[in-house]
Amino acid sequence: MMENENQPDELPEAIDWAVLNGLREFQAEDEPDLVQELVGLFKREAPPQIEAIRAAITAGDAERLRKAAHSLKGSSANLGVRLVSALGADLEQKGRSGTVEGADALLAQLEREYARACQALDAGPRGPA
Amino acid sequence: MSLLIVDDSAGSRLLLSSILKAAGYKELVTAESAQGAFERLGLNGPATGPSDVNLILMDISMPDMDGIEACCRIKADARLQDIPIIMVTASTETEDLQLAFTAGAMDYITKPPNKVELLARVRSALELKHEMDRRKEVTQQLQESNLRLEEALASLDEKHRQLLEEQAKSERLLLNILPQPIAERLKQSEGVIADNFPDVTVLFADIVDFTKLSARVPPADVVAMLNDVFSKFDQLAEKHGLEKIKTIGDAYMVVGGLPTPRPDHAEAVADMALDMRGAVAGRLRATGSLLTVRIGIHTGPVIAGVIGTKKFIYDLWGDTVNIASRMESLGAPAGIQVTAATYERLRDRYLFERRGTVQVKGKGEMVTYQLVGRK
C-alpha cells in the first residue's frame, strides 16, 4: 500500500522541527529542558490515547473515536508531530461523520507513524541528504 | 490574581504554562479536569469572596466533563461568571466553536498554540476582566452612596413630617384662640388688627350670686362648675355660628355678626340666649340651690381686633360692648334683658315683655325689654 515502505529515507519528515525547536523560546532558566520534558510527556500520553482509539473502533463507538482522536491530534500538533496529528484529524473526522468504518486502516497507519515519530524524536533532525 | 489552565494533557498544561511564564505571567495554576478546576475555583463550595482567578484557559476536549459543560457551570455561578474563559481546542470546526461561545466562552485559541495569538488573546481578556472589575466597583460605590442618599432622604422626610405635625398642632392651638381669618392675617404679620363692624349683637351672661357662692364652696368645685357651664355655652356658640370672645370670672361674652358679617346676628344671639337659659335650667349649684344665669344683649357697632404683642385675644371695643354688659348686670336673675335696638330687630319673631327704663351709667335712661321666647 505504501510504496515508500522500503525506502524509509524517502518518507516525509515525521516531525516539524521548526515547531518543536520553536518551543525552546519558552525555556525558563533553572528549569529542566522544556523540549525534552514535553517529548517525554507526549510519549507517555500518546499510547493510552492510541489505545482509546483502538477500543473505540473495536466497540464501534464513533463518538468515543472522535474524542480520543481529537486529543491525540492536539497533543501531537503541540510538538509538531505532524503526521500523527494529521492521521488523528482523519480519525476524528471519521468519528464526527458517525462511523468507524475504515478507521482500523487509519489506526494501523497512525501506529506506524507514531513509531516513526518516536524514533525521529530520539534521533533528532535528519542531516542534509 | 492568577491564570487557571485546565487541560487533561500534562504536555498541553506544561506547554501553555511555559509560553505564559516566558511572557511574564507568574501566577499560574493548573487543573487536569473540570472537577479539579471547580475545586480550585470554590464552585459549589461555601460562599467565599470573589475568586483570585482572573482568567481561565480551558481545554474543550476532556474525559468525564468536557470544557463546554465546565464553562456553562462556571458561568452559572454568580461569584465566578465574570472570569473570562478562553477555550483551547485542536478543532476549528464551526459547530465546536459555536458551542463554546454559547456556553459563555469569551474567546478561543487553537492547538498548537501560536505564541503571538495566545498572548494577544490573554492580554485582551485580562483587560476586559480588569475593566469589568473596575465597573463593578464603581457600580457598588454608586449603589452604596445611593443607599446613603435614600437614608438621608428618608430621615429628611421624617423630619419634614414631624415639622408639619408641629405646625398643625400650633395651627390648632392658634385657631382655638383666634378666628381663622384673624389668625391668617396675623400670620401674614399684620401689626395691629382693628376692624370696624357697624352692626353686631353682643351678649353677656353671668352666674347669679356667684360671689356669694364662691365664699361658701371650695374653689375647685366652683371652677369645675364654671367649666361645666361654659363648655356647654361654647358648644352652643358653635352651634349658632357665633364668636365666643372670652370669659371674665363668672361672665361669658359672645358676639354675632363678626368676624364674618351676617344679617341675622340678632336672631342667632337671641336663640343662643334662650338655649343658654335652657342649658342651666335644672342644674343644681354645689350648695343644692338652683343655678341661674343673667343675660344682657345689645346690638350696635363695635371695633374688633387683636392688639398688643403678647397673649393675643380677639376682643371687642366700643359703647355697644359696655351697654350689653350693663344690660346683663342690671338684669333680673334668669332674665334676658335686651335694648330697644335689639328688640326692634326681633320683635316680629320673638316674645318680649317691656321692662320700663333702666339707668345706664354714662347713657342715662334706656328703655329695655325682657326676651321670653320665640313666637
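Of the residues B:Phe233, B:Phe101, B:Phe312, the one that moves most in a GNM of chain B with alpha-carbon contacts below 10 Å is B:Phe101. Sorting the segments B:247-258, B:176-187 by their mean number of nearby beta carbons within 10 angstrom, highest to lowest, gives B:247-258, B:176-187. Listed by chain and number, the aspartates and glutamates placed with their C-alpha closer than 17 angstrom to that of B:Lys159 are B:Glu150, B:Glu151; residues fewer than eight positions away on the same chain are left out.
Of the DSSP beta bridges with both residues in region B:183-374, give the percent that are antiparallel, rounding to the nearest 5.
Of those bridges, close to 95 percent are antiparallel.
Identify the trypsin sites (Lys or Arg not before Pro) of region B:1-86 meeting these criteria: DSSP loop state and at most 11 other C-beta atoms within 10 Å of the C-beta. The partial results should precede the final answer.
Values: sites: B:Arg13, B:Lys21, B:Lys26, B:Arg40, B:Arg73, B:Lys75, B:Arg79; in loops: B:Lys26, B:Arg79.
Passing sites in region B:1-86 are B:Lys26.
Under the convention that each Lys and Arg Cβ holds +1 and each Asp and Glu Cβ holds -1, the size of the dipole of chain B around its Cα centre is about 2660 debye.
In chain B, helical runs assigned H by DSSP with n ≥ 4 each contribute -39500 (n - 2.57); averaged across all residues and rounded to the nearest 500, the mean residue ellipticity at 222 nm is -15000 deg cm²/dmol. Exposure proxy shown here: for B:Val222, B:Val138, B:Val217, the number of other Cβ atoms within 10 Å sets the order, fewest to most, as B:Val138, B:Val217, B:Val222.
Translational diffusion coefficient, Stokes-Einstein: compute it for the protein assembly as shown using the Kirkwood radius over C-alpha pairs as Rh, at 25 °C and 0.890 mPa s, and state it as an integer in µm² s⁻¹.
On the way: Rh = 32.7 Å.
After rounding, the answer is 75 µm²/s.
Using only atoms on other chains, find how many Cβ atoms lie within 10 Å of each Cβ of peptide B:3-12 and report the average. Mind showing how you got there, number by number?
Numbers: counts 0, 0, 0, 0, 3, 3, 10, 8, 15, 8.
Taking all residues of B:3-12 together, the mean is 5.
Remark on region B:235-275: ratio of C-alpha radius of gyration to 2.2 N^0.38 Å is 1.10. Loop-located trypsin sites (Lys or Arg not before Pro) in region A:10-45 (DSSP state not H, G, I, E or B) with no more than 16 neighbouring Cβ atoms inside 10 Å do not occur. Taking a quarter of the surface of the Cα convex hull of chain A gives a mean projected area of 8.6 nm². Counts of other chain beta carbons within 10 angstrom of each beta carbon in peptide A:70-83 average 5.
Cross-link reach is defined here as a Cα-Cα straight distance under 15 Å, omitting same-chain residues fewer than 8 places apart; for B:Lys361 the aspartates and glutamates meeting it are B:Asp319, B:Glu328. Over region B:1-71, the alpha carbon radius of gyration divided by the compact-protein estimate 2.2 N^0.38 Å works out to 1.09. Three principal axis extents describe the C-alpha atoms of chain B; from largest down they are 134, 44, 38 Å. Residue pairs exceeding 21 angstrom between C-alpha atoms, taken from B:Lys232/B:Lys311; B:Lys212/B:Lys246; A:Lys43/B:Lys26; A:Lys73/A:Lys94: B:Lys232/B:Lys311; B:Lys212/B:Lys246; A:Lys43/B:Lys26.
Considering only Cα atoms, the convex hull volume of region B:117-191 works out to 108 Å³ per residue. Sorted fewest first by neighbouring Cβ atoms within 10 angstrom, B:Cys72, A:Cys118 come out as B:Cys72, A:Cys118. With the convex hull constructed from alpha-carbon coordinates only, region B:183-374 shows a mean projected area of 11.6 nm² over all directions.
Peptide A:85-93 is shielded by partner chain Cβ atoms: per residue, an average of 1 of them sit within 10 Å of its Cβ.
Between B:Glu165 and B:Asn322, take the C-beta separation as r, use R0 = 35 Å, and let me know the FRET efficiency to the nearest 0.05. E(calc), rounded to 0.05, equals 0.20.
Summed over qualifying helices (DSSP H, 4 residues or more, each -39500 (n - 2.57)) and divided by its residue number, chain A shows a 222 nm mean residue ellipticity of -22000 deg cm²/dmol.
Based on DSSP, what percent of beta bridges with both residues in chain B are antiparallel, to the nearest 5? Roughly 65 percent of the DSSP beta bridges within chain B come out antiparallel. Each Lys or Arg adds one and each Asp or Glu takes one away; over the other residues whose Cβ falls under 10 Å from the Cβ of A:Glu31, this sums to -3.
Of all DSSP-defined beta bridges confined to the protein assembly as shown, some 65% are antiparallel rather than parallel.
Each reported figure results from applying straightforward, stated rules to the coordinates on display, with no laboratory input. In this text, all values refer to a predicted model and were calculated from it rather than measured experimentally. Cβ atoms come from the backbone with ideal geometry, glycine included; neighbour counts cover every protein chain shown.
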